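Notes follow the structure.
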Amino acid sequence: EGQALYGEDYKSVWHFAIIHNDAGASPICDEFHTGSGFINNHMYLGQYLEQSLRLVNPKVSLHYMEYANYFSSDDFYNKHIMSNMMDGGNWTEIFTSKWFGSNNPYTGKIIDGRWANIELPYLTDEFILSEGIDPDVTLFSTEDNEWLKLSDAHLKSPYGLLRSPWNWNPAPYTVRYNNVNRFNSYKFYNDISVIDASSYLGYYSGVVCDDYSSFMENNVNGLPLYNFLTAIEDDVHGKVHFSIGGSGGDKVVATAQLIQDKFGFDELDMVCIAQSTQKYFKSMGDLKPGWTSSSTLPFPLDCSDNPWQNGELTTTAAPGEEGGPSCTCNSYYTSSSENLAIIFDSYFLDWNAGQSQYKTMLKL
């Protein structure tokens, strides 16, 4: 439809989403978020997307968001961080109906504006082909042979949606939470030391000008280009995803409470565990569901069959719900103390941990 209107060079947003999803979830390596791949590939993909936008309207350019200005603002700190983390993004005009829409803070669903109720596609062969992509051939030809031993040519969620293969969200619509698991920033900033608050919540409070200064000092000034390329994604970009996209939902909150009640953890422990989980998937990128080879360790969870089987969805129930998939800890890691140490070290070994993080590690 788009090509009929704007010419054969036009590509829809889903075309670019497939590229990004395949690159980031690659069973070989993360093509877009490590080393020189982050800057080069995202700039290329942005310019590629801009070409399609200009076929629709030649006056349009991709906008540049100086997000440090937003996250350093009184609106973000006072209205959102310190007052109402469940505001649906309304601390800034960008996330209102005028621009990208506000979201339901409990479900994450975008509820107003141009982008309200956008549904994600199921990645059938027919859909992939409709986006001008061969469903049986990877987008990374030099990795074809090894890739196809470990995975399908194009990556999808366990529910068949255009999401990463470790994303067990069954909701068929775009989600945004504007916080991580409803962690209470105001409580943290008042209950623990400034150093610990910064260590915990800095990762969830966007990127500010001090982050730029620190990044320049530690990774740019007088240092090789390699330092810049390998540090920029995590130091001055990745945190934006947590502050805008975030994670959440009633099931996440209920699970966190169950863990707190069962093991005596408090909210600060849960922040540490959540951060460690995110770092774990970045540092152990080859551990992905259903992918096994002699060179990789088993995925931490053993899960029942994916709801997406042979191009059809068998259930829309979430994990743990009636009729939904179930998961248990992979027995590999509980078979010996040595194997258990592997997963513990993977979670915490690269932490530059403060006192509160060490307290959580001792509890674990």
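Looking only at residues that are of a type outside the set (S, T, N, Q) and surrounded by fewer than 12 Cβ atoms within 10 Å (Cβ to Cβ) in segment 61-86, which one is farthest from Ile232 (Cα to Cα)?
Step one: list which residues in segment 61-86 are of a type outside the set (S, T, N, Q), which gives 62-68, 70-71, 74-77, 79-82, 85-86.
Subset that is surrounded by fewer than 12 Cβ atoms within 10 Å (Cβ to Cβ): 62-66, 74.
Values: Leu62: 21, His63: 20, Tyr64: 17, Met65: 16, Glu66: 15, Asp74: 25 Å.
Selected residue: Asp74.
Scan segment 224-252 residue by residue and report those that are open to solvent by less than 50 Å² (accessible area, probe 1.4 Å), under 12 Å from Val180 (Cα atoms) and in a helix (DSSP H, G or I).
The answer is Lys239, Val240, Phe242, Ser243, Ile244.
In the set Tyr177, Tyr189, Tyr159, which member is open to solvent by 20 Å² or more (accessible area, probe 1.4 Å), among the hydroxyl-bearing types (Ser, Thr, Tyr) and at pLDDT 90 or above?
Working: Tyr189 fails: at pLDDT 90 or above; Tyr159 fails: open to solvent by 20 Å² or more (accessible area, probe 1.4 Å).
None of the other options fit; the residue is Tyr177.
Being assigned to a loop (DSSP other than H, G, I, E, B), in contact with a strand residue (DSSP E or B) (Cβ under 8 Å, 6 or more places away or on another chain) and open to solvent by less than 70 Å² (accessible area, probe 1.4 Å) is the requirement here; does Thr107 meet it? Give the steps one after another, and end with the answer.
Values: assigned to a loop (DSSP other than H, G, I, E, B): yes; in contact with a strand residue (DSSP E or B) (Cβ under 8 Å, 6 or more places away or on another chain): yes; open to solvent by less than 70 Å² (accessible area, probe 1.4 Å): yes.
Against the criterion (assigned to a loop (DSSP other than H, G, I, E, B), in contact with a strand residue (DSSP E or B) (Cβ under 8 Å, 6 or more places away or on another chain) and open to solvent by less than 70 Å² (accessible area, probe 1.4 Å)), Thr107 qualifies.
Residue-wise test of (1) within 27 Å of Lys149 (Cα to Cα); (2) of a type outside the set (Asp, Glu); (3) part of a helix (DSSP H, G or I); (4) modelled with pLDDT under 95.
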{"position": "Trp14", "(1), (2), (3), (4)": "yes, yes, yes, no"}
{"position": "Ala23", "(1), (2), (3), (4)": "yes, yes, yes, yes"}
{"position": "His33", "(1), (2), (3), (4)": "yes, yes, no, yes"}
{"position": "Leu49", "(1), (2), (3), (4)": "no, yes, yes, no"}
{"position": "Ala68", "(1), (2), (3), (4)": "no, yes, yes, yes"}
{"position": "Gly88", "(1), (2), (3), (4)": "no, yes, no, yes"}
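In segment 9-17, is there at least one residue being open to solvent by 70 Å² or more (accessible area, probe 1.4 Å) and not β-branched (Val, Ile, Thr)?
Residues of segment 9-17 that are open to solvent by 70 Å² or more (accessible area, probe 1.4 Å), as a first pass: 9, 13.
Add one more test, that the residue is not β-branched (Val, Ile, Thr), and what stays is 9.
Yes: one or more hits.
Looking at this structure, is Leu45 in contact (Cβ under 8 Å) with a residue 12 or more places away in the chain, under 21 Å from Gly238 (Cα atoms), open to solvent by 40 Å² or more (accessible area, probe 1.4 Å) and in a helix (DSSP H, G or I)?
On the way: in contact (Cβ under 8 Å) with a residue 12 or more places away in the chain: yes; under 21 Å from Gly238 (Cα atoms): yes; open to solvent by 40 Å² or more (accessible area, probe 1.4 Å): no; in a helix (DSSP H, G or I): yes.
No, not satisfied.
Can you tell me which residues in segment 113-145 are exposed (fewer than 15 other Cβ atoms within 10 Å of the Cβ) and part of a loop (DSSP other than H, G, I, E, B)?
Gly113, Arg114, Asn117, Ile118, Gly132, Asp134, Asp136, Val137
Are any residues in segment 1-22 among the small types (Gly, Ala, Ser) and touching a Gly at 6+ places or on another chain (Cβ under 8 Å), and if so, which ones?
Start the filter on segment 1-22 by keeping residues that are among the small types (Gly, Ala, Ser), which leaves 2, 4, 7, 12, 17.
Within segment 1-22, Ser12 is the sole residue that qualifies.
The values are calculated or read from the model by the stated rules, or taken from the named source; none is laboratory data. Here the structure is a predicted model, which means the values were calculated and not measured. Virtual Cβ from ideal backbone geometry, glycine too; neighbours counted across all protein chains shown. Heads up: the accessible areas ignore ligands, DNA and RNA and are worked out on the full protein's heavy atoms, side chains in. Shrake-Rupley method; radii C 1.70, N 1.55, O 1.52, S 1.80 Å.
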